[in-house]
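Taking it in order: structure first as structure tokens, then the write-up.
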Amino acid sequence: MAGLFDALLSVRSPRDTLRWLSDSPATPVLTKIATGQLPCTHETLDQLAPSGAIRHLEYLLVSTGALPQRDPALARLEHWIDGFLADANSDQALRTFAQWVVLRRYRRKSTRAPLNAGVLSRAKTELRAAEAFLDYLANRGTGLGDCRQSDVDAWLAGARPDRHVARSFVRWTIAQELMPSLEFDPGPRAATAPALANTDRIALARRLLGVETIATRDRVAGLLIVLFAQPVSRVARLTVADVIIDHDTVSIRLGQSAITVPESLERHLRELVVDRRGSHAATIPTSRWLFPGGAPGRPINEQVLGRGLRQLG
């Protein structure tokens, strides 16, 4: 726990950190870990009722070396699927789909980059829709093997907002020959936003550069989106190592190679690298993230970053 102790001594606001230690629901757990009453493992925290305070404690322990690194979103997904399958329809097709299609897909993605918070919501929706489709067939007195096109059509004509999401499960069962080859309409496509006109893009860039009251974090993130067409999810996961500062120029690595940024953005990037801060009292000041979040050792949540940018127009 020495790394955690040193980190808490180095935060920018000792008073806020003392308040956090006094008020956080996770403090009794931290006390038991520190005194040896509970083992300092991920499994210890996984057995507790999930909460923001316990998740924050996990990030704090990981970022200070007390716990090994892991993908927190993937861990929550694995835990949720275990609970879902324990309570859900006992159909073997659903269990196999959950473990070998949904979970395997996100485990593979996690090896390339940490999963974002939206993954858990998408996986839950996909599995709940699959379970609801099986329950619907059972209520009609049929199963996957006896399903007919009229059954599928009646399901799609229903009122469930997630009825089209069941398509991935249905297509998988057809491929596994658990269900006859039937048509399953994918549903309406989400509307795409219109492309931003160059004049509007330039006006946004000028506003981001010219309005002094805009925070450096939002200014830099907005300019990376407006000038370099970067999605918010990618901006949120940039690290300090992606910024290369020389005496005369500043470059940023947005892909395979670094791009020299305009002088108008250069000064703000330098400021952000020097004075980047998370939003929580118990945040580790040596974070590698260019946009650190409120959780120790974690980048800013892309939804939080996007919300701030939307407020700027």
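For the reader, a short list of remarks on this structure follows.
- Extension gain, GLU263 to ARG108, is 51.8 nm, computed as 0.36 nm per intervening residue step minus the present C-alpha separation.
- Stretchable slack from ALA175 to ALA241, in nm (0.36 nm times residue separation minus alpha-carbon distance): 19.3 nm
- Accessible area per residue for the chain is 56 Å², calculated with a 1.4 Å probe on protein heavy atoms, without ligands, DNA or RNA.
- Of the residues THR96, VAL165, LEU115, the one whose Cα sits farthest towards the positive end of the charge dipole of segment 44-192 is LEU115 (charges of +1 on Lys and Arg Cβ, -1 on Asp and Glu Cβ, taken about the Cα centre).
- Each listed q (0.18, 0.24 Å⁻¹) maps to a log10 I(q)/I(0) for segment 186-226, found by the Debye formula over equal Cα scatterers with no solvent: -0.58, -0.80.
- Distance from segment 59-125 to segment 1-47 (C-alpha centre basis), Å: 25
- Nearest 10 degrees, 0 to 90: helix 302-311 Cα axis against the chain principal axis: 70
- Helix 52-63 and the longest principal axis of the Cα set of the chain meet at an angle near 60°.
- Peptide packing for 223-236, 248-261 was compared via the average number of neighbouring C-beta atoms within 10 Å per residue; ordered from the highest value, the list is 223-236, 248-261.
The values are calculated or read from the model by the stated rules, or taken from the named source; none is laboratory data. Note that this is a predicted model, so its numbers are computed, not measured. Glycine also receives a Cβ, built like all others from the backbone with ideal geometry; neighbour counts cover every protein chain displayed. Ligands, DNA and RNA are stripped out before the accessible areas are found, and what is left, the full protein with its side chains, is counted by its heavy atoms. Shrake-Rupley method; radii C 1.70, N 1.55, O 1.52, S 1.80 Å.
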